[in-house]
Amino acid sequence: MIKNKLDLEKYIKNIKETKKSPKTQIVVSLGTCGRAAGGMAVYEKLQELIEAENISDITIKKTGCMGLCHSEPTVEVISSDSKKRIIYGNIKPDNVKTILTVREAGASTLTAVPKEWYYPETEDNTDNSPQARIVLKNSGNIDPASLDEYFMNDGYIALAKAITDMTPQNVIDEVKDATLRGRGGGGFITGVKWGLAAKEKNTEKFVICNADEGDPGAFMDRAVLEGDPFAVLESMTIAGYAIGADTGIIYIRAEYPLAIATLIDAIKKAKEKGFLGNNILSTNFSFNIELKYGAGAFVCGEETSLIKSIEGERGEPTNKPPYPAVEGLWSKPTIVNNVETYANVAPIIRKGADWFKKIGTKGSPGTKVFALAGKINKVGLAEVPMGTTLRDIIFKIGDGIPNNKEFKAVQTGGPSGGCIKSDKLDLGIDYDTLKEIGSMMGSGGMIILDEDDCMVSIAKFFLGFTLDESCGKCTPCRIGNKRLHEMLTKICEGTATPLTLKKLKNLSEVIKITSLCGLGQSSPNPVLSTMDQFEDEYLAHVNDKTCPAGACKGLLTYNINNKCIGCTLCAKKCPVNCISGEKKEKHTINQDECIKCGVCYDVCNFGAINKK
C-alpha cells in the first residue's frame, strides 16, 4: 500500500534502481492480434528453450499490441544496455532458436520490422517518422500486468500531482487549456464537459469510460486496454477528482475478453496499492471503478444510449438537453469519454497543457491513433500528430497499396464518416479539416480502398451496417435509411433513373437534419461524400448501366475473348453450366443463363475472360 505522494516517489525511485537488469530482454507482442497469429506458441517455445538450455542472461516478457498487426507474431529483442533493439516479424516457434542465437544482432533468415516511432514525452525523436506516441507510448513496451513497470514509466505521478498539489478546478482548467478534444468522434472539448459536471451540486456523480468501439475496422481502444490498462484507470481517477465523483464505470464490449481480463487484473492491483478505494494517497478523495459489459450494439457508442444500457434499459438515445454532464446515469451528473481521450489526460496533467499544445494543430492539439485497414500493405495502428497528411499515414506508415494497385479513396470516421479521394491526400487532417470535406474523425478507423472498389457499393455497404445497427427509435433513421439502402441497391443493379439520384441526395440531407442522435445524423455521410467526390461513378451506373470498377454484379457482363485456348477449365468450374465449346477451341458464354458469379474470370489462367 502506497500511502502518499512522497511514498510513491520513493517507491518509484527504488524499483527503478532495483529492477534494472543486465540481461537481454525478449518482448513478445501478445495483444489479441498477436495471440490470434500464434504469439502464445512463440512465447511458450521461448520459455521452453531458455529453461532447457539453461540460458541465464535473457528475460522474456509479454506485452500488448505493438501496432504491427501486419507482421504478427512480433518479437522485440532489447540489448542488456537498452541501446540496441530489433523487432522480428512473422515469427514461428521454429524461429525461436535463431532469435536466441543472434539476439539483437539481426539474422538474414528472419524478417526485421522497422520501428519508426518517437516519443514526445521522452524527447527521443527521429525525423524520419511521422509517428508521435502519447496514447500508445507504453503499449507494446511494458508488461500490462505489471504495476511496477507502469510506475517505472511515470505511472500515477499525474494522479499524485492532481490530488495533492492541485484543486479540482485546477485539473479542469489544465485539461481545458490543453484543448483536448474527445477522441470518440464528436471532438467536443473535454475540459468544458468536465466543467459542466463539476458545477452541478449533486453529491453523486459518475465517470464513464466508453470502451464500446463498434466501428468496423477500429481496434485502437482495445489495444490501449490490453497494453496499458493502468493509464486509463489513472486518468479516470483524475477525472473523478476533478468533477467530484467517487464511481467510475468502464462500459466495454463483451467481445473483448482479453481486454476485460486485463482490466479486472489491473483494477485489483490498483486497489491493493491504494490507487483505487477509500482515501487515495491519504487524502479525503475516494474512487472505485467497475466494469459493465455491452452486447455489441453500435448505437451504444452514443453516450445517452450507453447510459441507458448501463441502467439495464434498451440502448436508445434520449433528447438533449439535458446533457449527461447535467443529468446522466441514474439522472446524476455524468461525464462520458472514450478510452483514447482518457489516455491523454495523465500525460497532460504530468507535463502540462503547454507541452500538449506544441503537438498537433491549433484547433486540434495532440495526437490521434488510427487503425489502418483495408487495401493497405501494413495493417496496424499508427499514432500521429494532428495535422499529419493522409499521404504520410497511408504511404509512409502504411506502405501504400498492395499488388501495385492505384489508391482510390480512404474512408475515415467509420460507417458514419466519408470517403476522401486522392486529390485530398496532402491535406493535414484534424477535426475541422475532415468536417470541411464531408468526412469526420470518428474514433479513428481508416479503411483504404483501391481501384477495384466501387464507391456506390461502398456507400451501400456502410449504410447497410448503420441500418442494421439503428435502434429504430426515430423515423428518419429507421425508415429513411431503409429507403436510402433500397435506392443504392437499384443503382448497383442498374434499375435506377436520374430521378433516383435526386431523391437519394434529398433524403440523405433530410435524415442528417431530423435524426435524433449522432448515429442517424451522420449515417448519410458515406452517401453524400461519395456522391460529391465520385459523381461520375453514380452517373455511369445510372446512365450507362456500367460499373467502372467492375464490382457490381448486376451491371457486369462476362465474355470470352480470342486468348481462349479451349482448356475447358472455365466450363468445368461454372456452377450453372452456361459455358460451352470443344476442347482446344474458343468457348462461349450463354448470357441468358450466366449468373455473373465471376468464377470463370477467377479460374482462367490465360486472360481470356473479359469483365465489364
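The values are calculated or read from the model by the stated rules, or taken from the named source; none is laboratory data. All of these numbers come straight from a predicted model, not from anything done at the bench. Because the Cβ atoms are built from the backbone with ideal geometry, glycine has one as well, and the counts that use them run over all protein chains shown.
Just to be sure before I move on: is Thr164 under 22 Å from the mean Cα position of the chain (by Cα) and not acidic (Asp, Glu) in the structure I sent? Against the criterion (under 22 Å from the mean Cα position of the chain (by Cα) and not acidic (Asp, Glu)), Thr164 does not qualify.
Of the residues making up region 225-254, those that are touching a Gly at 6+ places or on another chain (Cβ under 8 Å) and assigned to a strand (DSSP E or B) are Thr247, Gly248, Tyr251, Ile252, Arg253.
Out of the residues in region 434-473 that are basic (Lys, Arg) and surrounded by fewer than 20 Cβ atoms within 10 Å (Cβ to Cβ), state the one that is nearest to the chain's Cα centre (by Cα). Full working, then the answer.
From region 434-473, those basic (Lys, Arg) are 435, 460, 473; that's our starting set.
Remaining after also requiring surrounded by fewer than 20 Cβ atoms within 10 Å (Cβ to Cβ): 435, 473.
Working: Lys435: 19, Lys473: 28 Å.
Among those that are basic (Lys, Arg) and surrounded by fewer than 20 Cβ atoms within 10 Å (Cβ to Cβ), it is Lys435.
Taking Cys419 as the residue in question, decide whether it is within 30 Å of Ala295 (Cα to Cα), assigned to a strand (DSSP E or B), in contact with a Ser or Thr (Cβ under 9 Å, 6 or more places away or on another chain) and not assigned by TED's automatic domain parsing to the domain that holds Gly214. The answer is yes for Cys419. Somewhere in region 39-55, is a residue surrounded by 12 or more Cβ atoms within 10 Å (Cβ to Cβ) and touching a Ser or Thr at 6+ places or on another chain (Cβ under 7 Å)? Looking for residues that are surrounded by 12 or more Cβ atoms within 10 Å (Cβ to Cβ) and touching a Ser or Thr at 6+ places or on another chain (Cβ under 7 Å), one finds at least one in region 39-55, hence yes.
Quick grid of which residues meet (1) under 24 Å from Leu225 (Cβ atoms); (2) touching a Pro at 6+ places or on another chain (Cβ under 9 Å):
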| residue | (1), (2) |
| --- | --- |
| Thr32 | yes, yes |
| Ala52 | no, no |
| Lys62 | yes, yes |
| Met66 | yes, no |
| Val77 | no, no |
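If you filter region 192-234 down to residues that are farther than 18 Å from Gly294 by Cα and of a type in the set (S, T, N, Q), you find that the one that is surrounded by the most Cβ atoms within 10 Å (Cβ to Cβ) is Asn202.
Since Ile376 meets every condition but one in (1) modelled with pLDDT under 95; (2) assigned by TED's automatic domain parsing to the domain that holds Met440; (3) assigned to a loop (DSSP other than H, G, I, E, B), which condition does it not meet? Ile376 satisfies every listed condition except (1).
Taking Gly428 as the residue in question, decide whether it is buried (at least 24 other Cβ atoms within 10 Å of the Cβ) and either out of contact with any His (no Cβ under 6 Å at 6 or more places or on another chain) or aromatic (Phe, Trp, Tyr) (or both).
Numbers: buried (at least 24 other Cβ atoms within 10 Å of the Cβ): no; either out of contact with any His (no Cβ under 6 Å at 6 or more places or on another chain) or aromatic (Phe, Trp, Tyr) (or both): yes.
Spelling it out, it is not the case that Gly428 is buried (at least 24 other Cβ atoms within 10 Å of the Cβ) and either out of contact with any His (no Cβ under 6 Å at 6 or more places or on another chain) or aromatic (Phe, Trp, Tyr) (or both).
Cβ separations smaller than 8 Å between residues 6+ apart or across chains give the following pairs from region 486-501 residues that are at positive phi to residues that are in a helix (DSSP H, G or I) and of a type in the set (A, V, I, L, M): Gly494/Leu555.
Counting only residues that are surrounded by fewer than 18 Cβ atoms within 10 Å (Cβ to Cβ), touching a residue at least 60 places away in the same chain (Cβ under 8 Å) and over 23 Å from the mean Cα position of the chain (by Cα), region 289-322 holds 2 of them.
For Val28, state whether it is part of a strand (DSSP E or B) and buried (at least 18 other Cβ atoms within 10 Å of the Cβ).
Values: part of a strand (DSSP E or B): yes; buried (at least 18 other Cβ atoms within 10 Å of the Cβ): yes.
Taking the combined requirement at face value, the residue satisfies it.
Quick grid of which residues meet (1) surrounded by 12 or more Cβ atoms within 10 Å (Cβ to Cβ); (2) of a type in the set (A, V, I, L, M); (3) in contact with a Leu (Cβ under 8 Å, 6 or more places away or on another chain):
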{"position": "Pro526", "(1), (2), (3)": "yes, no, yes"}
{"position": "His541", "(1), (2), (3)": "yes, no, yes"}
{"position": "Leu555", "(1), (2), (3)": "yes, yes, no"}
{"position": "Ile560", "(1), (2), (3)": "yes, yes, no"}
{"position": "Gly566", "(1), (2), (3)": "yes, no, no"}
{"position": "Ala571", "(1), (2), (3)": "yes, yes, no"}
{"position": "Val576", "(1), (2), (3)": "no, yes, no"}
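Among the criteria (1) over 23 Å from the mean Cα position of the chain (by Cα); (2) under 23 Å from Asp148 (Cβ atoms), the one Gly244 does not fulfil is (2).
Per-residue answers, yes or no, for (1) surrounded by 24 or more Cβ atoms within 10 Å (Cβ to Cβ); (2) hydroxyl-bearing (Ser, Thr, Tyr):
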| site | (1), (2) |
| --- | --- |
| Ile335 | yes, no |
| Ala346 | yes, no |
| Ala353 | no, no |
| Lys357 | no, no |
| Val369 | yes, no |
| Val379 | no, no |
| Glu383 | yes, no |
| Thr389 | no, yes |
| Asp392 | no, no |
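Exactly one residue among Lys505, Lys584 is in contact with a helix residue (DSSP H, G or I) (Cβ under 7 Å, 6 or more places away or on another chain), of a type in the set (Lys, Arg) and not assigned by TED's automatic domain parsing to the domain that holds Phe188, and that residue is Lys505. So which residues in region 462-478 are without any contact (Cβ under 8 Å) to a residue 24 or more places away in the chain and of a type in the set (Lys, Arg), if there are any at all? Arg478 - this is the single residue of region 462-478 that is without any contact (Cβ under 8 Å) to a residue 24 or more places away in the chain and of a type in the set (Lys, Arg).
For Asn14, the conditions (1) in the same structural domain as Val96 (by TED's automatic domain parsing); (2) out of contact with any helix residue (DSSP H, G or I) (no Cβ under 9 Å at 6 or more places or on another chain); (3) farther than 30 Å from Phe370 by Cβ are fulfilled apart from (1). There is at least one residue in region 176-184 that is modelled with pLDDT under 95, closer than 28 Å to Glu469 by Cα, buried (at least 24 other Cβ atoms within 10 Å of the Cβ) and of a type outside the set (A, V, I, L, M, F, W, C).
Criterion first (surrounded by 18 or more Cβ atoms within 10 Å (Cβ to Cβ) and part of a helix (DSSP H, G or I)) does Cys33 satisfy it? Walk me through it before giving the result.
Values: surrounded by 18 or more Cβ atoms within 10 Å (Cβ to Cβ): yes; part of a helix (DSSP H, G or I): yes.
Taking the combined requirement at face value, the residue satisfies it.
Considering region 4-22, the residues that are modelled with pLDDT under 85 and assigned to a loop (DSSP other than H, G, I, E, B) include one that is farthest from Leu159 (Cα to Cα), namely Pro22.
As an exercise: evaluate Asn138 against (1) crowded, with 23+ Cβ neighbours inside 10 Å; (2) over 18 Å from Glu340 (Cα atoms) and give the number of the one condition it does not meet. Failing condition for Asn138: (2).
With the structure loaded, tell me whether Met446 is within 20 Å of Val384 (Cα to Cα), of a type outside the set (Gly, Ala, Ser) and not in a strand (DSSP E or B) or whether it fails that test. For Met446, the condition - within 20 Å of Val384 (Cα to Cα), of a type outside the set (Gly, Ala, Ser) and not in a strand (DSSP E or B) - is not met.
Per the listing Leu519, Leu539, the residue uniquely part of a helix (DSSP H, G or I) and at pLDDT 95 or above is Leu539.
Scanning region 519-555 for residues that are of a type in the set (Ser, Thr, Tyr) and over 21 Å from Val299 (Cα atoms) gives Ser529, Thr530, Tyr538, Thr546.
Looking at region 104-113, can you tell me whether even one residue there is in contact (Cβ under 8 Å) with a residue 40 or more places away in the chain, more than 22 Å from Ser21 (Cα to Cα) and not polar (S, T, N, Q)? Looking for residues that are in contact (Cβ under 8 Å) with a residue 40 or more places away in the chain, more than 22 Å from Ser21 (Cα to Cα) and not polar (S, T, N, Q), one finds at least one in region 104-113, hence yes. Which of the residues belonging to region 255-310 are part of a loop (DSSP other than H, G, I, E, B) and charged (D, E, K, R)? Within region 255-310, Glu255, Lys273, Glu302 meet the criteria.
Anything in region 335-370 that is of a type outside the set (Lys, Arg) and closer than 21 Å to Thr164 by Cβ? List them, or say none.
From region 335-370, those of a type outside the set (Lys, Arg) are 335-349, 352-356, 359-361, 363-367, 369-370; that's our starting set.
Listed by number, the residues that qualify are Tyr342, Val345, Ala346, Pro347, Ile348, Ile349, Gly352, Ala353, Trp355.
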